[in-house]
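The values are calculated or read from the model by the stated rules, or taken from the named source; none is laboratory data. The structure presented is a predicted model; accordingly, all values stated were derived computationally and were not measured. A quick note on method: Cβ atoms are made from the backbone with ideal geometry, for glycine too, and the neighbour counts reach across all protein chains shown.
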Ligand SMILES: CC(C)(COP(=O)(O)OP(=O)(O)OC[C@H]1O[C@@H](n2cnc3c(N)ncnc32)[C@H](O)[C@@H]1OP(=O)(O)O)[C@@H](O)C(=O)NCCC(=O)NCCS
């Protein structure tokens, strides 16, 4: 459950941000979480920014009830005909990011929009730079986001650190050669599933780097247990209970009928949460063996899904790979010490941050137990690797190899294999949803 971190939520606005917006004859302010009118106006602009229509009263009620944890900024143009509606929006909150073997507090960012009437005059740059400086000053070591367009955030030091795999499966062709666990699968009501999911997600999340806490209201959106969810009744919920009686898995899915061929309908896996290998195998096997289903689709999977090795015909699957979870390190030493490593080594890294928030020479010392200490190092010594903050952010969760970055010309190292050994992880990072 996302909780309100008052220090971040209520932090004063960055002085450079205030000055830059004021220089444009505009005004930047935090939305008062207690003000229904301010929140409604802000939501309306976010909705338009993401090409949605006007919000209904039910949607406004639900947003107001579920979004107080977000620090919401608006840029206002008092000369506009609807001055209470901001011309730019930005939201952030603190969350827990799972890292390889550890965790970090992160600043999650969302609802970034600039009105088409005010675009390309630097409002995003001012808001993003200002809010990243504020997060860094508060000691938040990383910022994260999911994006509408890949090309926007690299300039601010964000990298696609967690890829997502989208699977399209012909279930009749796929076959099954995975385990056949004991235990049982049952349907639940959406309310029953919702009541179990947070405990299950908290069991799973720490072991999968790249995941963050589910933001407020999102579980209710998935389960259709809040009033603004359209077609909520189309979501079906499955539970896996082990032979010993432990609830180790949940799956949510929806089916769209194929009107030309009723026996070839499409099943979309909305979420599959498995705390054990048995739950994973049992739920996937069940979903791939349903009657009347010709296509199974699942999104936001990891690039190393064991499912690939549980089917008899891998050509029954088409996998599309996309950039998904973006990461931006705000404090290099704290971030580097906030994960475990599989190789003991001492590295001097020279990190360039174009926004000047962090970076410089950093000494990373990894012990035999995989824990690390990192500290600023005196300038002048020959670094083992030189890279930008974007590239270090890409490497951090193990979502890309240092060798690939070196070959792409995005990291310089005398021995890229050594850098690769240090940052490599045994399982791929994953983020199972958008925010
Ligand atoms: C994306 C968006 C927020 C940009 O806002 P903006 O105020 O026009 O951006 P800025 O003027 O501050 O531009 C900053 C830089 O980003 C670049 N940029 C802005 N939007 C971009 C886009 N969509 N794709 C690629 N680059 C973009 C600008 O060219 C500029 O580059 P420069 O620093 O090299 O000159 C705005 O176009 C928007 O609201 N889009 C629709 C909603 C959306 O996609 N939001 C992002 C959600 S993840």
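Taking residue 52 as meeting all but one of (1) buried (at least 16 other Cβ atoms within 10 Å of the Cβ); (2) within 14 Å of the ligand (Cβ to nearest atom), write down the number of the exception.
The single condition residue 52 does not satisfy is (1).
Looking at 372, 394, 408, 402, which is the one that is at pLDDT 95 or above and surrounded by fewer than 21 Cβ atoms within 10 Å (Cβ to Cβ)?
408
Taking the range 16-39 only, how many residues are crowded, with 20+ Cβ neighbours inside 10 Å and more than 25 Å from residue 147 (Cβ to Cβ)?
Total satisfying the criteria: 0.
Cβ-Cβ below 6 Å, separation at least six or inter-chain, first residue in the range 96-116 and in contact (Cβ under 8 Å) with a residue 12 or more places away in the chain, second within 8 Å of the ligand (Cβ to nearest atom) and in a strand (DSSP E or B): which pairs?
Here the result reads 109/145; 114/88, each pair linking the range 96-116 to a residue that is within 8 Å of the ligand (Cβ to nearest atom) and in a strand (DSSP E or B).
What's the number of the only condition in (1) in the same structural domain as residue 110 (by TED's automatic domain parsing); (2) not in a loop (DSSP other than H, G, I, E, B) that residue 220 fails to meet?
The one condition residue 220 does not meet is (1).
Given the range 258-371, what strands (runs of 3 or more DSSP E) lie entirely inside it while holding 2 or more residues that are touching a strand residue (DSSP E or B) at 6+ places or on another chain (Cβ under 9 Å) and under 18 Å from residue 422 (Cα atoms)?
Qualifying strands (runs of 3 or more DSSP E): 345-352, 360-366.
Taking the range 134-152 on its own, how many of its residues are over 15 Å from residue 329 (Cβ atoms), within 15 Å of the ligand (Cβ to nearest atom) and in contact (Cβ under 8 Å) with a residue 12 or more places away in the chain?
5
Within the range 198-217, is there a residue that is assigned to a helix (DSSP H, G or I), in contact with a helix residue (DSSP H, G or I) (Cβ under 7 Å, 6 or more places away or on another chain) and buried (at least 19 other Cβ atoms within 10 Å of the Cβ)?
The answer is no; no qualifying residue exists.
Just one of (1) surrounded by fewer than 20 Cβ atoms within 10 Å (Cβ to Cβ); (2) touching a residue at least 60 places away in the same chain (Cβ under 8 Å); (3) part of a loop (DSSP other than H, G, I, E, B) trips up residue 245, so point out which.
Here residue 245 meets the rest and fails (2).
Which condition breaks for residue 232 when tested against (1) farther than 30 Å from residue 59 by Cα; (2) surrounded by fewer than 20 Cβ atoms within 10 Å (Cβ to Cβ)?
For residue 232, the exception is condition (1).
So which residues in the range 184-195 are outside any strand (DSSP E or B) and touching a strand residue (DSSP E or B) at 6+ places or on another chain (Cβ under 6 Å)?
If the condition is that a residue be outside any strand (DSSP E or B) and touching a strand residue (DSSP E or B) at 6+ places or on another chain (Cβ under 6 Å), then 190, 193 are the ones that fit.
Table: residues versus (1) within 12 Å of the ligand (Cβ to nearest atom); (2) surrounded by 24 or more Cβ atoms within 10 Å (Cβ to Cβ).
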residue	(1), (2)
106	no, yes
118	yes, no
132	no, yes
154	yes, no
168	no, no
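Starting from the range 196-214, keep only residues that are free of Cβ contacts under 8 Å to residues at least 60 places away in the same chain, then list their pairs with residues that are outside any loop (DSSP other than H, G, I, E, B) whose Cβ atoms are within a distance under 7 Å, requiring at least 6 positions of separation or different chains.
Close Cβ pairs (under 7 Å, with a partner that is outside any loop (DSSP other than H, G, I, E, B)) amount to 196/247; 196/250.
Scan the range 401-435 for residues that are in contact (Cβ under 8 Å) with a residue 12 or more places away in the chain and within 27 Å of the chain's Cα centre (by Cα) and report the count.
The number of residues fulfilling the criteria is 24.
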